[in-house]
Amino acid sequence: MSTNWETTNVLKSPMEVCWQLSYDIDEEKLSRLYTKAKKFQWDAEEQMDWSYEVDPSRPLIDESQFGLGQIPFVQSLPKSQSDALRAHIAAYQLSQFLHGEQGALMTAAALTHAVPDYEGKLYTATQTMDEARHVEVFDRYIKKIAMIYPMGKWLKELIDVTLTADHWVKIAIGMNMVVEGLALGAFHNMKNVTSCELLRDVLTYVMRDEARHVAFGGVYVGKTIAEMHEDDREEVAEFAMQALKLMRGSRVRNGQQFDAGFLEVLKAVDIDPADLVKGVMEARAQGIKVKPPTDQVHAFKHLMMPALIRVGAITQRTREALESEGIPVTEDRAILESFEESLDMN
């Protein structure tokens, strides 16, 4: 699939650059995280079997795990069209992974020159390398399926807001907690539904890195927020709330049912968006709900919100504001911590 969207975009960032000429280690937990980051570096050339044959015409998502497949309208489609829909939806999701990883690459680089502590710079430098590797592996995989879609508007907005923030703590919140939390959940869920062994291998290695990136926030950002003046904490909490609202409102924006990229998916498989919307509404009227797999992780509930609460990025004021808009503030960290504990797996 050829690209026909804008491929270059320039942003101006107010982020400060911070020299640190004291090379003492002040945060041992962060030093240990850096040690793990070095230990678990991996080479995509060596770890992945790129000779693995990927048939672009075959869906990457198992039919039994395809959520939209529970809707009668989709069930009524010819098998060839239903298979094409699964294949293109997977390509769309993988495209968002690729674009999001480039955003993570840029934010990690920004953190490296902005964080004030020596050990923080060491760690974020390893994250920058991690993100470069993730861009590499998703790019190589997507080229195998020969289908790429544009970056979703809401994802671009969220990463742009993060990149142009005026304090490194806001960048760490936007990327290491919100975007990385979203990615970690999405990678886990894709790994569980894909029938492609190569893709499972890619996601296994990428997830190990992503769990470490989320853990960085818990180790480093929380300490900084706790030492902030109350007014500064509220400013950071406001940024976190706006990032959450931006992500939460991504599904329906300005009266549109679908992102422009997903509309391209439907166009590619010859499905009228209005017909799909009608089919979804009819299914709801019949009491049919799309049930996710039982082991699916809800990134918002299980990863992002608990991570933000843990570091103090949700204050009483923003908690009340979120709940007043119907956004639940969930504090259970069990799944978040289970992902972080998986770092010790070799």
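Please state which one of 118, 149 is in contact (Cβ under 8 Å) with a residue 60 or more places away in the chain, more than 28 Å from residue 241 (Cβ to Cβ), crowded, with 23+ Cβ neighbours inside 10 Å and hydroxyl-bearing (Ser, Thr, Tyr). After ruling out the rest, the residue left standing is 149. For the stretch 272-293, the set of residues classified as under 24 Å from residue 194 (Cα atoms) and at pLDDT 90 or above consists of 276 only. Across the stretch 193-228, the number of residues qualifying as among the β-branched types (Val, Ile, Thr) and either more than 25 Å from residue 313 (Cα to Cα) or under 14 Å from the mean Cα position of the chain (by Cα) (or both) comes to 6.
Based on this model, can you work out whether residue 20 counts as surrounded by fewer than 15 Cβ atoms within 10 Å (Cβ to Cβ), assigned to a loop (DSSP other than H, G, I, E, B) and at pLDDT below 90? So that I can check it myself, show each step before the final result.
Values: surrounded by fewer than 15 Cβ atoms within 10 Å (Cβ to Cβ): yes; assigned to a loop (DSSP other than H, G, I, E, B): yes; at pLDDT below 90: yes.
So residue 20 fits the description; yes.
Of all residues in the stretch 269-319, those satisfying the criterion of being over 21 Å from the mean Cα position of the chain (by Cα), under 22 Å from residue 61 (Cβ atoms) and surrounded by 13 or more Cβ atoms within 10 Å (Cβ to Cβ) are 269, 271, 273, 276, 277, 279, 280, 283, 288, 290.
Out of curiosity, is residue 69 of a type in the set (Gly, Ala, Ser), in contact (Cβ under 8 Å) with a residue 12 or more places away in the chain and closer than 13 Å to residue 134 by Cβ? No: the conditions fail for residue 69.
Please state which one of 114, 165, 125 is closer than 25 Å to residue 46 by Cα and among the aliphatic types (A, V, I, L, M). Selected residue: 125, the only one of 114, 165, 125 that is closer than 25 Å to residue 46 by Cα and among the aliphatic types (A, V, I, L, M).
Please verify whether residue 96 is of a type in the set (S, T, N, Q) and within 30 Å of residue 70 (Cα to Cα), treating the condition exactly as stated. Yes, satisfied.
Out of curiosity, is residue 139 modelled with pLDDT of 95 or more, touching an Asp or Glu at 6+ places or on another chain (Cβ under 6 Å), of a type outside the set (Lys, Arg) and part of a helix (DSSP H, G or I)?
Working: modelled with pLDDT of 95 or more: yes; touching an Asp or Glu at 6+ places or on another chain (Cβ under 6 Å): no; of a type outside the set (Lys, Arg): yes; part of a helix (DSSP H, G or I): yes.
No: the conditions fail for residue 139.
For residue 206, indicate whether it is touching a helix residue (DSSP H, G or I) at 6+ places or on another chain (Cβ under 6 Å), part of a helix (DSSP H, G or I) and either charged (D, E, K, R) or surrounded by 18 or more Cβ atoms within 10 Å (Cβ to Cβ) (or both). So residue 206 fits the description; yes. With respect to (1) under 26 Å from residue 156 (Cβ atoms); (2) outside any helix (DSSP H, G or I), the lone exception for residue 116 is condition (1).
The lone criterion from (1) touching a Phe, Trp or Tyr at 6+ places or on another chain (Cβ under 7 Å); (2) surrounded by 21 or more Cβ atoms within 10 Å (Cβ to Cβ); (3) over 25 Å from residue 123 (Cβ atoms) left unmet by residue 246 is number (2). When residue 228 is tested against (1) outside any helix (DSSP H, G or I); (2) surrounded by fewer than 15 Cβ atoms within 10 Å (Cβ to Cβ), exactly one condition is not met: (2).
Take the conditions over 11 Å from the mean Cα position of the chain (by Cα), in contact (Cβ under 8 Å) with a residue 24 or more places away in the chain and not in a helix (DSSP H, G or I) and apply them to residue 190. Does it pass?
On the way: over 11 Å from the mean Cα position of the chain (by Cα): yes; in contact (Cβ under 8 Å) with a residue 24 or more places away in the chain: yes; not in a helix (DSSP H, G or I): no.
Against the criterion (over 11 Å from the mean Cα position of the chain (by Cα), in contact (Cβ under 8 Å) with a residue 24 or more places away in the chain and not in a helix (DSSP H, G or I)), residue 190 does not qualify.
Mind checking whether some residue in the stretch 309-329 is without any contact (Cβ under 8 Å) to a residue 40 or more places away in the chain, outside any loop (DSSP other than H, G, I, E, B) and in contact with a Lys or Arg (Cβ under 7 Å, 6 or more places away or on another chain)? The answer is no, given that none of the residues of the stretch 309-329 is without any contact (Cβ under 8 Å) to a residue 40 or more places away in the chain, outside any loop (DSSP other than H, G, I, E, B) and in contact with a Lys or Arg (Cβ under 7 Å, 6 or more places away or on another chain).
The values are calculated or read from the model by the stated rules, or taken from the named source; none is laboratory data. Quantities reported herein were computed from a predicted structural model and do not represent experimental measurements. In this analysis, Cβ positions are derived from the backbone assuming ideal geometry, glycine residues included, and neighbour counts consider all displayed protein chains.
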